[in-house]
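S.K.: Right, I'll just put the structure down here and ask away after.
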Amino acid sequence: MSLLFIPKKYSVESKREAVASLLENTVPDRDFYLLVIGAIILASCGILTDSIPVLIASMIVAPLAYPILSMALAIPARDGKLFLRSLFMLLISIALAIIVAGFFSLFAKSYFDVAERVFISFFPNVFFDLMIAIVAGVIAAYGLIRVKVGEAMTGIGIAVSLMPPLVATGIGLFDPVNSLAFRAGSIFLLNVAGILAGSMITFLIFGLYKERGAIKNNLN
């Protein structure tokens, strides 16, 4: 039987390290906003030049998953402060993406040879978008506990695609193209909802929300 499945224990230490790592990456500091703005510019260039590799680069760089994961941890942990901080980081990132991408696209289309229409398609599919995001959220949350699984975070970032549809929303709002803002915005919201649901389920199953409470008590 051990040839087919070898169970591993989840120690309290590994859970607390996972929570601490998540909290460390959910800080609205210079590094976070530098990565966000860099990812926005990369995604804008990728969309305007119809470049999938550049879009993939923006997905890898973007740190948007951390605020969503922290929100998923804060809800069962009943940590209002963490929830508000994470929500604030996500909302600021959304505002930055819409404004920077919108003005960048107007500038690029005014001075450079940019296609009149966006060729990379953004068409929401509720079932598949939610399924991908939920699975990504589960793996991302579980990867915080298991280092081996955590190495798959790059693939998760590419699969769930947060920054490209958000940037496309900004481009569509500033320069409407075939209801691009609505379509891309729907994909982004579905992805956020799926990651939030999937990661929250994982945090509940493995009891990471309890370790968040323990860490708070130790700090107090």
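The values are calculated or read from the model by the stated rules, or taken from the named source; none is laboratory data. Small disclaimer: the values here were computed from a predicted structure and weren't measured. Every residue, glycine as well, gets a Cβ built from its backbone with ideal geometry; the counts of neighbours run over all protein chains shown.
S.K.: For segment 80-116, which residues satisfy the criterion of being part of a loop (DSSP other than H, G, I, E, B) and either of a type outside the set (D, E, K, R) or within 20 Å of the chain's Cα centre (by Cα) (or both)?
M.R.: Going residue by residue through segment 80-116, those that are part of a loop (DSSP other than H, G, I, E, B) are 112-116.
Within segment 80-116, F112, V114, A115 meet the criteria.
S.K.: Something else now. Would you mind finding the one in G157, G172, G150, G185 that is under 22 Å from I56 (Cα atoms), buried (at least 22 other Cβ atoms within 10 Å of the Cβ) and modelled with pLDDT under 70?
M.R.: Details: G172 fails: modelled with pLDDT under 70; G150 fails: buried (at least 22 other Cβ atoms within 10 Å of the Cβ); G185 fails: modelled with pLDDT under 70.
Answer to the check: G157.
S.K.: Farther than 25 Å from G170 by Cα, hydrophobic (A, V, I, L, M, F, W, C), in a helix (DSSP H, G or I) and within 16 Å of the chain's Cα centre (by Cα) - does that describe any residue in segment 58-69?
M.R.: no
S.K.: How many residues are more than 30 Å from F103 (Cα to Cα), touching a helix residue (DSSP H, G or I) at 6+ places or on another chain (Cβ under 7 Å) and not in a helix (DSSP H, G or I) when one looks only at segment 10-57?
M.R.: 1
S.K.: Mind listing whichever residues of segment 126-144 are buried (at least 24 other Cβ atoms within 10 Å of the Cβ) and out of contact with any Ser or Thr (no Cβ under 8 Å at 6 or more places or on another chain)?
M.R.: If we filter segment 126-144 for residues that are buried (at least 24 other Cβ atoms within 10 Å of the Cβ), which is where we start, we get 133, 136-137, 140-141, 144.
A133, A136, listed by residue number.
S.K.: Another question, then. Identify the single condition in (1) out of contact with any helix residue (DSSP H, G or I) (no Cβ under 7 Å at 6 or more places or on another chain); (2) outside any loop (DSSP other than H, G, I, E, B); (3) modelled with pLDDT under 85 that G143 does not satisfy, given that it satisfies every other one.
M.R.: (1)
S.K.: Moving on. Keeping to segment 60-83, report how many residues are at pLDDT below 90 and closer than 12 Å to P164 by Cα.
M.R.: Number of matching residues: 3.
S.K.: Is it fair to say A20 is among the aliphatic types (A, V, I, L, M), under 27 Å from Y142 (Cβ atoms) and out of contact with any His (no Cβ under 9 Å at 6 or more places or on another chain)? Break it down into steps so the answer makes sense when it comes.
M.R.: Numbers: among the aliphatic types (A, V, I, L, M): yes; under 27 Å from Y142 (Cβ atoms): yes; out of contact with any His (no Cβ under 9 Å at 6 or more places or on another chain): yes.
So A20 fits the description; yes.
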